[in-house]
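None of the figures in this text is laboratory data; all of them are computed from the coordinates on show. Keep in mind that what you see is a predicted model, and the values were worked out from it rather than measured. Glycine gets a Cβ as well: all are built from the backbone with ideal geometry, and neighbour counts include every protein chain shown.
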Amino acid sequence: MESQQPDNDGNQQSQPQPAPWQQGSRQNAAANQQPYQSQNGQYGQYHQYDQQPQPGQPQYQPGQYAQPQYPTQQYPQHQPSQQPYAQPQGQWQQPSQYPQQPQYPQGQTQGQLQYPQPQQYQQYPQYQTAQPTQPGQPPQQQFVYPTQQPYQPQLQQPAYPGQTQPNGQSTSHKAKQSKQAKPKGQKRKPKWLIIVIAIVAVLALVFGVVSVGGYYMMKADGAIDGIMADSTMPTKEQAYAGMPSDKYQFKDPIAVDTYYEFELIMKDPVKIKDNVKWGEAQMTGVDLSLDDCARVYQDSSFGVPVPTTTIATEPFDEKEGAGTITLSGSMDLPKDMQHGNSIAKEHGFLPSDGYYYVQYVGANGKKLAKPIVQFFRVKEHTDITRLPQVNNVTPVVNKDGGVDISWDKVDGAKSYNVYVYITRKAIGKDGDENYMPATRSIKKIGSSTKTELLSADYDKPKEYKDDTLGTSVLKQNMAFQSLAVESQDTIEQCQKSTHEYCAEILQDAGGSWDADSAGKLYIVVTAVDKDGHEGRWHAVDANDLVPTIPIGQATQAQTSQWSYGLKGVFGEGNTVEEDMQAYVYTFVEMANGATVAVPSEFSDLTSNGRNGWQFTYSAPGTKIKNTGNVYYEGDLTQTFSQITKAATDALPKAGGVLDRLNSVGKTDWTGYDTKKIDSDTKESPLYNFASTDFGKYLANNILNGHEVIDITKYANDEYQTSTQDVMTEVLYQNPYIATVSDRVNYTVRKNGNKTVMWVKYPDDYKQRQQEVENLVNSAKGQFQGSDSDKAIAIDQFLAGKMEYDIDAANAVGGRDSSGNAFENDEGMKQYPNAWSVYGVVSGKGVCMSYAYAYQVLAKAAGLDSRVVVGSVSGTSVPHAWNYVHINGEWLLMDSTWDDDGSTAIDKYQLKKPAEVTDHFAANQGWTLASETGDYQ
């Protein structure tokens with residue numbers, strides 16, 4: 001076991017049955033309703049999912065529409081508008097309490113006017129206290145809103161005059177009838193009043209006919225059921241290009257209204273009850289959780305989730321089977337997109353170039369072997385022409401630790417809005433006392449009239465100044481604070497504490513800090529036209545930056561560093577060098593919650609005139625700084641550098657410095673801007689696997705040693721999987737690229753109107769490839785028999801050929817340490833073979849080397865295998881192993897842990913992944929997120 005190599009920001013350091021559907025609205029509350037907190041900006045929002053009602057909240061009962069009690073001064077006095085329950089499509093039932101519709105005489109046009117359902121009352125938003133967003137934080141008040149309702153036309157009931165007689169005249173007139181005596185004392189109605197009544201009757205009739213006609217015209221255009229006509233829709237082939245048809249069921253692309261709801265009508269043995277508890281539904285007979293039944297993604301790799309709400313409702317009638325699972329958009333809508341009078345009309349799907357709806361369960365509740373996928377595009381009920389999505393959105397971490405964002409210009413844009421989109425998975429299990437549901441937040445961080453937004457424009461770290469305590473900046477990058485779900489600084493301190501709150505923190509964290517707990521980060525830039533309308537939505541995956549974004553000082557570690565070095569009660573027994581040991585490293589918390597120790601820089605050394613000296617210590621590459629104090633008799637300015645060096649030398653190596661070693665700024669790209677494009681379509685004999693055409697193209701060009709690869713075709717294809725996701729998979733699944741531990745460096749740049757990838761290789765790249773290939777060719781004859789026999793023979797071969805490199809593991813903190821080898825640049829350079837495929841030639845390596853070696857030998861033996869990375873029980877150390885395809889199924893093979901010296905044991909030899917309870921494959925990285933399920 002050992003640490004794994006991280007991705008970096010701009011300079012990437014390589015790393016190892018169809019169901020019936022309807023559209024309609026559901027007004028009654030059900031499970032998984034999501035409260036909303038709007039942040040500034042048209043698209044800004046904060047969605048807190050799966051909130052539990054607090055004691056005393058009203059619970060829904062069938063047929064009961066009671067007015068809830070509102071907290072004092074929490075709601076405006078006006079009442080929200082109400083909507084009727086929607087009837088099944090194409091049906092408008094006439095309620096019995098309305099008068100019978102007049103019968104028209106034979107021969108006249110029969111405009112059969114129908115009446116809308118009587119209005120029912122919606123639940124008003126319920127006030128509740130949310131769970132704390134982080135351990136130890138106070139809860140925040142939030143509001144739960146009913147699910148977004150699609151637009152429903154309001155057909156007005158016409159006011160009819162007197163019933164028409166067969167002769168075509170109103171009963172208000174006496175034409176051609178015999179004259180009768182006028183009763184005494186009764187006045188005749190004026191003729192003008194009769195004329196007015198007749199005109200009103202005609203207008204009412206016309207209005208009724210037009211309303212019904214308009215309803216069916218709107219229905220034909222798709223405004224009623226949410227399906228709309230769109231001549232610009234991609235073809236089925238375009239929408240699903242590159243996606244394997246043997247893995248998914250593809251439905252025809254559709255254009256929909258922003259309030260469109262995907263519905264899955266369930267059948268036995270599924271059971272749904274939505275009145276178990278307010279805001280919850282009880283669903284049985286379904287293989288997956290409610291949220292996992294269906295999802296919406298921005299891209300075909302299913303890597304970028306779209307904010308949605310999923311609810312389950314029990315059936316209203318026999319047409320709805322066992323109940324309905326409904327999924328709708330929950331993105332904040334600008335006012336120019338809102339229509340109808342639903343209380344939740346502010347939320348739906350934003351316009352974009354398209355989304356992918358994925359249904360993972362069938363109507364019978366069973367997980368689908370081939371999930372149903374449907375591409376859809378949002379079409380508005382306005383004449384606004386939205387600007388296109390902003391391309392080449394590029395976030396980078398600058399020299400001060402801030403996040404600068406740049407993008408391509410959009411014609412017609414007067415400005416641009418920039419948003420941070422963060423998703424966080426649920427913590428704990430639903431029903432637990434400290435359960436925190438999954439959240440998604442979209443927050444506007446700034447606007448710009450240029451094609452960039454610099455960190456200095458939107459992030460303003462607060463600097464504290466005090467005559468006694470000095471100057472400090474303890475936090476920065478405020479927009480990214482919520483990414484750190486678990487704080488390593490807090491958890492490690494709590495492991496030594498007896499406080500009750502620490503017990504809860506450790507329970508929530510499972511006892512130790514987990515880097516995978518961090519939120520997912522996406523950046524959105526929208527173009528704004530001259531009228532203030534925002535353009536199409538498109539989120540860019542920025543998760544590579546998360547481990548490199550500093551968010552504040554790790555105060556617990558900084559305090560411990562000081563307190564552990566004290567001699568005496570107050571440090572009175574310390575030398576000045578020992579005092580300085582508290583400041584030579586600045587501990588910084590990163591956006592993934594990790595604590596890293598950064599060698600400090602010092603400035604502003606001053607004396608108080610009484611042998612007390614004050615100075616500022618800071619973490620280079622960040623804005624984090626604080627004030628230190630030491631006692632020194634004499635002129636410290638003359639000896640300060642010598643004292644700090646002595647303090648540093650006296651300490652053990654801190655390790656885990658800021659994860660910027662693999663950034664663009666570290667790699668020397670001099671001369672690459674003048675290099676010519678040398679990519680081609682030639683396949684390398686060393687190629688192993690990639691799940692997309694883009695991946696195959698990149699893998700073969702890199703295996704062939706090309707330095708400037710033209711990726712314009714793929715980078716500009718809006719239906720293509722992101723370059724980052726594709727490249728990560730390529731580097732894991734093609735071991736001949738990993739000829740040294742830190743593999744290759746790459747970055748994406750512009751070359752005129754082309755998008756290119758620059759790749760920098762080790763000096764002996766080709767030579768090392770050849771040596772590995774020679775060894776593989778000489779060994780493959782040993783692997784004979786069935787596929788199982790071959791797989792086991794390779795395991796035995798590696799046990800005899802390789803040994804675990806203990807020294808390499810110890811160089812990065814030890815085999816059982818929580819350090820990450822891929823974040824330790826020095827360890828990679830010191831042991832260039834330990835994390836590479838070349839370990840099979842040298843005879844020594846760590847788990848990554850074993851997995852790479854197994855992969856190349858398996859291919860030579862005719863086996864299909866994959867390199868897998870993940871974690872193992874009892875430690876947070878990343879680990880690597882293999883999956884091998886044997887007799888139609890993927891089986892686990894861990895050659896590292898099977899190595900028992902000169903032979904291999906069978907503990908992790910060709911086991912079903914589900915039966916190996918201590919290995920947990922990462923849900924993406926070593927392969928695309930959309931592919932992970934194929935190996936389970």
Cross-link list K247/K273; K450/K750; K273/K379; K780/K911: which exceed 29 angstrom alpha carbon to alpha carbon? K247/K273; K273/K379
Convex hull over the Cα atoms of the stretch 251-347, averaged projected area in nm²? 8.1 nm²
Amide H contacts under 5 Å for G323, placed H, 5+ residues apart: M266
Could you give the alpha-carbon Rg of the stretch 890-936 over 2.2 N^0.38 Å, rounded to two decimals? 1.29
Taking Cα pairs under 8 Å and at least six residues apart, what relative contact order does the stretch 662-763 come out at, in percent? 30 percent
Residues meeting the amide H criterion for A294 (H placed from the backbone, H to H distance under 5 Å, 5 or more places apart or on another chain) are Y360
Order by neighbour count: F262, F349, fewest other Cβ atoms within 10 Å first, most last. F262, F349
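So how do 854-864, 640-650 stack up, highest first, on mean other-Cβ count within 10 Å?
Put in order of decreasing packing, that is 854-864, 640-650.
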Normalise the Cα radius of gyration of the stretch 766-935 by 2.2 N^0.38 Å (N = residues in it) and let me know the number. 0.99
All alpha-carbon distances of the stretch 716-803, grouped into 5 Å bins from 0, give the whole-percent distribution 3, 10, 14, 17, 16, 13, 10, 8, 5, 3, 1
Residues whose placed amide H lies under 5 Å from that of G402, excluding near-sequence neighbours: none
Ordering 471-480, 350-359 by per-residue average of other C-beta atoms within 10 angstrom, highest first, gives 350-359, 471-480
Would you work out the relative contact order for the stretch 766-935, in percent, from Cα pairs under 8 angstrom that are 6 or more residues apart? 22 percent
Stick to Cα atoms and the Kirkwood definition of Rh, then tell me Rg/Rh for the stretch 583-641. 1.07
Determine ³J(HN,Hα), in whole Hz, for all residues of the stretch 830-842 in sequence, where each value follows from phi through the Karplus function 6.51 cos²θ - 1.76 cosθ + 1.60 and θ = phi - 60°; x replaces Gly and Pro. 6, 10, x, 9, 5, 10, 10, 5, 5, x, 6, 7, 6
Tell me, what is a quarter of the convex hull surface for the C-alpha atoms of the stretch 471-622, in nm² with one decimal? 13.6 nm²
Starting from the Kirkwood radius over alpha-carbon pairs of the stretch 662-763, derive D by Stokes-Einstein at 4 °C in a medium of 1.567 mPa s and give it in µm² s⁻¹. 93 µm²/s
The stretch 677-720 and the stretch 431-483: distance between their alpha carbon centers, rounded to Å: 38 Å
